[in-house]
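Read-outs: derived from the displayed coordinates by stated rules, not from any lab. A quick note: this is a predicted structure, and the numbers were derived from the prediction, not measured. Ideal geometry is used to build each Cβ from the backbone, glycine not excepted, and the neighbour counts take in all protein chains shown.
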Amino acid sequence: MQIAVHSFLKETKLSEEELKQTLTYLNKKIDIIGTDNVELRNPLNLDESVFYFRDRETPLTGQEMITGDYLIFDSTGHNEDMFIKQYNSINELEEEITAGGRITNPFTTFQIAIVLGKVRHFNITFTNGDELI
């Protein structure tokens, strides 16, 4: 889970043991969603009648190659959903970030945009007519 180490965990002051525990947690929780990553999908999350993410029976190793030019690493803290999702274009990725239930939703803990293999920072500006908010 190099993406975690080099993004949201980068500024944390974790001991070697705490970092190991955090990565173990991530490898058990995270789901990978996208047409290029079908083999990494958590099969327990495929049942559409279940509306929450389940832990993996077999955690990821952290060495898996996740493919796709446009990805979002998304964490929703209130229900512990955590996934990396693939998008087909930068426009789809931007729409996901700015949709009402996403990063502006108080339940979304974070979203990390990954474009062409690199973490990309983003800013969102709200407007009310001609007035910036």
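Side notes on the structure shown:
- Ordering Gln21, Gly62, Ile72 by the projection of their Cα atoms onto the charge dipole of segment 2-122, which places +1 on the Cβ of Lys and Arg and -1 on the Cβ of Asp and Glu, puts Gln21 at the extreme positive end.
- Protection proxy ranking of 67-75, 41-49, by the mean of other Cβ atoms within 10 Å over each peptide's residues and highest first, is 67-75, 41-49.
- Rounded, prolate or oblate (a/c below 1.5 giving rounded, otherwise prolate when a/b exceeds b/c) for segment 8-69 by Cα gyration tensor: prolate
- Modelled FRET efficiency - R0 35 Å, Glu18 with Leu116, Cβ distances, 0.05 increments: 0.65
- Taking θ as phi - 60° and the Karplus parameters 6.51, -1.76 and 1.60, the scalar couplings of segment 58-75 work out to 10, x, 5, 8, x, 9, 5, 8, 9, 10, x, 7, 10, 10, 10, 9, 10, 10 Hz in sequence order, x denoting glycine and proline.
- Cα-based shape type of segment 2-122, given that a ≥ b ≥ c are square roots of the gyration tensor eigenvalues and the cut on a/c is 1.5: rounded
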